[in-house]
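Structure, as structure tokens:
The values are calculated or read from the model by the stated rules, or taken from the named source; none is laboratory data. This structure is a prediction, so every number in the text was calculated from the model and none was measured. Here the Cβ positions follow ideal geometry from the backbone for every residue, glycine too, while neighbour counts run over all protein chains shown.
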2 protein chains.
Amino acid sequence: MKIALAQLNYIIGDIEGNTAKIIGEIEKAKAEKADLVIFSELAICGYPPKDLLDYPSFILRCEKGLEEIQEVTEGIGVLVGGPSWTKLEKGKKLYNSAFFYSDKKLIRRIDKTLLPTYDIFDEYRYFHYNELFECVEFKGEKIAVTICEDLWNLDEEKLYVSTPMDELMKQNPTVMINLSGSPYSYNHVEKRRKRMQLNAKTYGLPLFYVNQVGGNTDILFDGGSMFINRNGDIAEECEFYKEDFKVINWDSSHTYEDNHEDYYDYDIGLIHDALVMGVKDYFGKVGFKKALLGSSGGIDSAVVHAIAADALGAENIKAIMMPSKYSSSGSVDDAVKLADNLKSPYSIIPIKKPFDAFNETLEEEFEGTEPNVTEENLQARSRGIMLMAISNKFGSMVLNTSNKSESAVGYSTLYGDMCGGLSVIGDLYKEQVYELARFINRYGEVIPYEIVSKEPSAELRHDQKDSDSLPPYPLLDKILFYYIEEKKGWQEIVAMKIEGLDEALVRKIIRKVDRNEYKRFQASPTLRISHKAFGFGRRMPIVARYNH
Amino acid sequence: MKIALAQLNYIIGDIEGNTAKIIGEIEKAKAEKADLVIFSELAICGYPPKDLLDYPSFILRCEKGLEEIQEVTEGIGVLVGGPSWTKLEKGKKLYNSAFFYSDKKLIRRIDKTLLPTYDIFDEYRYFHYNELFECVEFKGEKIAVTICEDLWNLDEEKLYVSTPMDELMKQNPTVMINLSGSPYSYNHVEKRRKRMQLNAKTYGLPLFYVNQVGGNTDILFDGGSMFINRNGDIAEECEFYKEDFKVINWDSSHTYEDNHEDYYDYDIGLIHDALVMGVKDYFGKVGFKKALLGSSGGIDSAVVHAIAADALGAENIKAIMMPSKYSSSGSVDDAVKLADNLKSPYSIIPIKKPFDAFNETLEEEFEGTEPNVTEENLQARSRGIMLMAISNKFGSMVLNTSNKSESAVGYSTLYGDMCGGLSVIGDLYKEQVYELARFINRYGEVIPYEIVSKEPSAELRHDQKDSDSLPPYPLLDKILFYYIEEKKGWQEIVAMKIEGLDEALVRKIIRKVDRNEYKRFQASPTLRISHKAFGFGRRMPIVARYNH
């Protein structure tokens, strides 16, 4: 039996485009004489469609797309994901389904049982759970079809009461197929492979696993679709961060050789590629070609510049240097050197005039007060306005250059350096930004070495250093990681007895994180690379007293 | 049996404060010789605690608070809401529970069965569902205790498969108690009363229903706790928008007279009071006393000013008039008259200098281009920066003055008029803003009549009127309501054959709504008064092609 894995990059809501794309791959599979071609979860509408699912007119359009697909299944089997009405008297109205078509007929609709509702996932918001388990007979095989999370309840700590494959095994299937929508995070690649290998071994069945690929706003899908032997070896693996199409000549009596690349729990190269794809797809899918960013001569904007250049072409990135009287002489030089290294256009536009104009205009209002953080913010906001004006005038999108350490403790100015349409490195702690810079420079200087080696400074007052108000980044990042990713309270972090971390410091930092929820609420979407990014997957109250 | 309803305003995460408050009411109930005092859902931590529930240290603190409460239940029954560990091998780790204490003992823990996961609700994100139904025997009564949504599955279209009261009825209870966390929306007050009355009638049992009160960021809880006769009459009703404590001398053989105020499906007075409470609690709970806002002489800022004055005291609201060369002469005069009517301080700060400074600074960059929306946005953003600077300098919070019609179609400037810590009228369509202005003026002029009667204009270029780029608001608001609140697609709206709405217009407006998702993503929290507000309860993809 020849089985094709179709790993595609869908646009959410673009039913017509997605349908055309799926039909194109079906034709390709037919040309290669495949018996069956498999697409990913909710392929018809792209994943995650979010509250578009609340619109009956949207479901109707999905149904039309699926009908078109059904019409081209003469002589081939097609498994494709889409929403369907439950038509039950009770419960939510929709299923998250897989449609199995062949010879222009719907052979079977399989509905998802386990509905992830945590972190960035909201599936029980939309879908009713399946309770009916039946394998699909096709060309002499008995296929156990499941959808994404359905294969994830193999933990010692089970998040769900039922395990769909345990039910399906009662019918003695000969092979497993899983339609997936599994997003990237830096510790998820290995986890996903191991989990799928565990399924193959546990049930003693080969597994065909199809994931989608591409960036959908903040969420990055990395692909990596697989064919796994019944012994758990990964015999075929699709590309990461790219569309891919693989036809597997599968003989059920044969065991295929293990044939996948080595992987690591944490790989800065994969993070890099995920961010490049995220920028590329954000721009491509909304129809933007050009970006601009404030280039300060610091490490954050340098890394964002380099990634954006990879994603969109250096000539499409405009760097704007906006020095003030507090900028060190090196700042502009370093930023210019970076633009020259990358071959990006740039402009140097000092902020003196608007900054002075604001101060003059507010002189009377501020009479009798002393300069404080207000004037620092005025600089950051003058820069933000300038970027937005250039964006408006030339139709380019402002890239935000904040990192996760800054966003966490609120070391950033709302409507100032927090502005932009997309945050590129907002899910990377400062130490990870340095790591990424070294990765970008792995073949030689792209980011000037001066930028990588200088001490971090916001340059909003004379001789300012980040370390004036923050602990050293290696310490800060540790506290933040345990608090945000690992959900440890201050007592637990203090109890770890990490060198340099005392109770006062830990509590001070955690309080900063909590108190800056209001700022992050108004932040731009942030490319997600960790298992707990700020944004949609971390939902904290703003008005609250945590007393951490 | 004397039963006390304790309707309180909790601060989310402030376990120590909430515990003290609950203990205070228990003492009050004891003093009034009550047999039982009832608190609302998740009272110990405030509702909704969101991802704080993901922190084991947070659950531990809740448990400590509950232990303290248990210690003061000598001689009285106490029903209070809080999270609890399921200790099950499978499924989510927490229950949303009600703890029934008496004489320092836990008599029973009741867990929530139906977990709302739609709109602003995310309960299946955190909680496992109950499957065990048992009434509680207390002082000769058999009490069916349920938690909020548990009483809401009486629709013809049932959102859940099981209905907890149907199960509990098998044990012949004599009375129902519901611990609730039911937020306000303008069509929810009547709905909630009717649903609770329907429960009493359906099961032929009296119902004691306790809700919380207060604003928690965007979500407004209106209170209105009730005691309902077995015939469905509302015999007692607690205050709206205020803490309340009512002791009911209940004789199970007696039917009490209907004794609640008339209500209406839509009541602008309730909307007004909800917004006042929302502003008051947002400020009070984060510890801010003073607000400021850009006062343009238009209807939106006028209504926000009046509401904020009610919430925080007019003397604590500073109005900033920021005229440009495009401002009509009346604009500042009208805004000044408003401030004088309310007795609020104000400053007039023209934006000419910063606006000119930006234009000069960008002259070279913009060489060869024509003025366009860039310069309009520069004005709005110069104003935004000024407000933020004053906010920073004096520790007051900027109130956002956008309305829902504007946010919907993106008729607003990101980081300009979209700035602020809280959007007060962002869930009111323009027509509702006018209605609210008339309500505010019901006893005479508060908002100058000139402001109410003038034609809406953003005044960002000469002779600009909103109607230059938008259809008349009554038409616009209709399209928006059907699209946003009622989730109708363009075909369905066109099929309604509403006068003045043709296909081209409907599709154009819907496209505007979809395309401006990216702006709203960075908007401030918005006080929610409708059943579909922008923000947490409406989760739309940003990068998408809806093709509506």
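Could you look through the stretch B:330-355, keep only residues that are among the charged types (D, E, K, R) and touching a helix residue (DSSP H, G or I) at 6+ places or on another chain (Cβ under 7 Å), and pick out the one that is surrounded by the fewest Cβ atoms within 10 Å (Cβ to Cβ)?
B:LYS343
Would you check which residues across the stretch B:55-89 are hydrophobic (A, V, I, L, M, F, W, C) and touching a Cys at 6+ places or on another chain (Cβ under 7 Å) and list them? Don't jump to the end; show me each part of the working.
Within the stretch B:55-89, the first condition is being hydrophobic (A, V, I, L, M, F, W, C), and the residues that meet it are B:58-60, B:62, B:66, B:69, B:72, B:76, B:78-80, B:85, B:88.
B:CYS62 - this is the single residue of the stretch B:55-89 that is hydrophobic (A, V, I, L, M, F, W, C) and touching a Cys at 6+ places or on another chain (Cβ under 7 Å).
If I ask for residues that are in a loop (DSSP other than H, G, I, E, B) and more than 15 Å from B:GLY298 (Cβ to Cβ), which ones from the stretch B:407-425 would you list?
B:GLY410, B:LEU414, B:TYR415, B:MET418, B:CYS419, B:GLY420, B:GLY421
Mind listing whichever residues of the stretch B:122-139 are surrounded by fewer than 19 Cβ atoms within 10 Å (Cβ to Cβ) and in contact (Cβ under 8 Å) with a residue 40 or more places away in the chain?
B:LYS139
List, please: which pairs have Cβ atoms under 7 Å, are six or more places apart or on different chains, and start with a residue in the stretch A:458-474 that is of a type in the set (A, V, I, L, M, F, W, C) and end with one that is in a loop (DSSP other than H, G, I, E, B)?
As it stands, the answer is A:ALA458/A:GLN464; A:LEU460/A:TYR326; A:LEU470/A:TYR411, since those pairs meet every condition given.
Filter the stretch B:397-417 down to the residues that are farther than 15 Å from B:GLU431 by Cβ and in contact with a Phe, Trp or Tyr (Cβ under 7 Å, 6 or more places away or on another chain), then identify the one that is nearest to the other protein chains (Cβ to nearest Cβ).
B:TYR415
Picking from B:ASP502, B:ASP477, which residue would you name as being closer than 19 Å to B:ASN403 by Cβ and outside the structural domain of B:GLU376 (by TED's automatic domain parsing)?
Of the residues listed, the single one that is closer than 19 Å to B:ASN403 by Cβ and outside the structural domain of B:GLU376 (by TED's automatic domain parsing) is B:ASP477.
Which one is surrounded by the fewest Cβ atoms within 10 Å (Cβ to Cβ), of the residues in the stretch A:418-442 that are among the aliphatic types (A, V, I, L, M) and within 12 Å of chain B (Cβ to nearest Cβ)?
If we filter the stretch A:418-442 for residues that are among the aliphatic types (A, V, I, L, M), which is where we start, we get A:418, A:422, A:424-425, A:428, A:433, A:436-437, A:440.
The next check asks that each one be within 12 Å of chain B (Cβ to nearest Cβ); those that pass are A:418, A:422.
Details: A:MET418: 26, A:LEU422: 28.
Checking each candidate, the answer is A:MET418.
Can you find a residue in the stretch B:66-80 that is within 14 Å of another protein chain (Cβ to nearest Cβ), free of Cβ contacts under 8 Å to residues at least 24 places away in the same chain and under 30 Å from A:ARG538 (Cα atoms)? Even if it seems obvious, please write down each step before you answer.
Of all residues in the stretch B:66-80, those within 14 Å of another protein chain (Cβ to nearest Cβ) come to none.
No - not one qualifying residue is present in the stretch B:66-80.
With the structure loaded, tell me whether A:LEU168 is touching a Phe, Trp or Tyr at 6+ places or on another chain (Cβ under 7 Å) and assigned by TED's automatic domain parsing to the domain that holds A:LYS33 or whether it fails that test.
Working: touching a Phe, Trp or Tyr at 6+ places or on another chain (Cβ under 7 Å): yes; assigned by TED's automatic domain parsing to the domain that holds A:LYS33: yes.
Here the answer is yes, as A:LEU168 does meet what is asked.
Would you mind listing the strands (runs of 3 or more DSSP E) fully within the stretch B:164-269 where at least 1 residues are crowded, with 19+ Cβ neighbours inside 10 Å and in contact with a helix residue (DSSP H, G or I) (Cβ under 6 Å, 6 or more places away or on another chain)?
B:175-179, B:207-210, B:213-216, B:219-222, B:226-228
Using beta carbons and a limit of 8 Å, which pairs, at least six apart or on different chains, have the first residue in the stretch A:175-189 and touching a residue at least 60 places away in the same chain (Cβ under 8 Å) and the second one surrounded by fewer than 21 Cβ atoms within 10 Å (Cβ to Cβ) and among the β-branched types (Val, Ile, Thr)?
A:PRO183/A:ILE120
Show the residue pairs that are 6+ apart or on different chains and have beta-carbon atoms under 9 Å apart, the first residue being within the stretch B:334-354 and among the aromatic types (Phe, Trp, Tyr), the second being surrounded by fewer than 16 Cβ atoms within 10 Å (Cβ to Cβ).
B:TYR346/B:ASP340
Is it fair to say B:LYS285 is within 14 Å of another protein chain (Cβ to nearest Cβ), out of contact with any strand residue (DSSP E or B) (no Cβ under 6 Å at 6 or more places or on another chain) and touching a residue at least 24 places away in the same chain (Cβ under 8 Å)?
Answer is yes for this residue.
Please verify whether the stretch A:372-379 includes one or more residues that are outside any helix (DSSP H, G or I) and in the same structural domain as A:SER457 (by TED's automatic domain parsing).
Yes, the stretch A:372-379 contains a residue that is outside any helix (DSSP H, G or I) and in the same structural domain as A:SER457 (by TED's automatic domain parsing).
Would it be correct to say that B:MET388 is more than 8 Å from chain A (Cβ to nearest Cβ) and crowded, with 23+ Cβ neighbours inside 10 Å?
no
How many residues does the stretch A:478-500 hold that are among the aliphatic types (A, V, I, L, M), away from chain B (no Cβ under 14 Å) and crowded, with 20+ Cβ neighbours inside 10 Å? Walk me through how you get there before you give the answer.
Filtering the stretch A:478-500 for residues among the aliphatic types (A, V, I, L, M) gives A:479-480, A:484, A:493-496, A:498.
Filter again for away from chain B (no Cβ under 14 Å), leaving A:479-480, A:498.
If we keep only those that are crowded, with 20+ Cβ neighbours inside 10 Å as well, we get A:479-480.
Number satisfying all stated conditions: 2.
Could you look through the stretch B:166-221, keep only residues that are under 13 Å from the mean Cα position of the chain (by Cα) and within 28 Å of B:ASN249 (Cβ to Cβ), and pick out the one that is modelled with the lowest pLDDT?
Result: B:VAL189.
For the stretch A:431-440, state whether one or more residues are part of a loop (DSSP other than H, G, I, E, B), in contact (Cβ under 8 Å) with a residue 12 or more places away in the chain and under 20 Å from A:GLY297 (Cα atoms).
no
Would you check if B:ILE69 is assigned by TED's automatic domain parsing to the domain that holds B:ALA6, at negative phi, more than 27 Å from the chain's Cα centre (by Cα) and not in a loop (DSSP other than H, G, I, E, B)?
For B:ILE69, the condition - assigned by TED's automatic domain parsing to the domain that holds B:ALA6, at negative phi, more than 27 Å from the chain's Cα centre (by Cα) and not in a loop (DSSP other than H, G, I, E, B) - is met.
Hey, which of the strands (runs of 3 or more DSSP E) in the stretch B:100-161, taking only ones fully inside, have at least 3 residues that are of a type in the set (A, V, I, L, M)? Outline the logic, then answer.
Working: elements: B:105-111, B:136-138, B:141-147.
So the answer is B:105-111, B:141-147.
Return the residue satisfying two criteria in turn: it lies in the stretch A:324-358 and is in a loop (DSSP other than H, G, I, E, B) and polar (S, T, N, Q), and of such residues it is farthest from the other protein chains (Cβ to nearest Cβ). Talk me through it step by step, then tell me what you get.
To start, the set of residues in the stretch A:324-358 that are in a loop (DSSP other than H, G, I, E, B) comprises A:324-328, A:343-345, A:349-351.
This time we only want the ones that are polar (S, T, N, Q), so: A:324, A:327-328, A:344.
On the way: A:SER324: 12, A:SER327: 15, A:SER328: 21, A:SER344: 15 Å.
Only one residue fits best here, namely A:SER328.
I'm trying to understand the selection: among the residues of the stretch B:524-539, which are crowded, with 21+ Cβ neighbours inside 10 Å and facing chain A (nearest Cβ under 7 Å)?
Result: B:SER524, B:PRO525.
For the stretch A:27-57, which positions are surrounded by fewer than 23 Cβ atoms within 10 Å (Cβ to Cβ), in a helix (DSSP H, G or I), touching a residue at least 12 places away in the same chain (Cβ under 8 Å) and more than 13 Å from chain B (Cβ to nearest Cβ)?
A:GLU27, A:LYS28, A:LYS30
Counting only residues that are more than 8 Å from every other protein chain (Cβ to nearest Cβ), crowded, with 19+ Cβ neighbours inside 10 Å and either touching a Lys or Arg at 6+ places or on another chain (Cβ under 7 Å) or among the polar types (S, T, N, Q) (or both), how many does the stretch A:359-377 have?
Here the count works out to 1.
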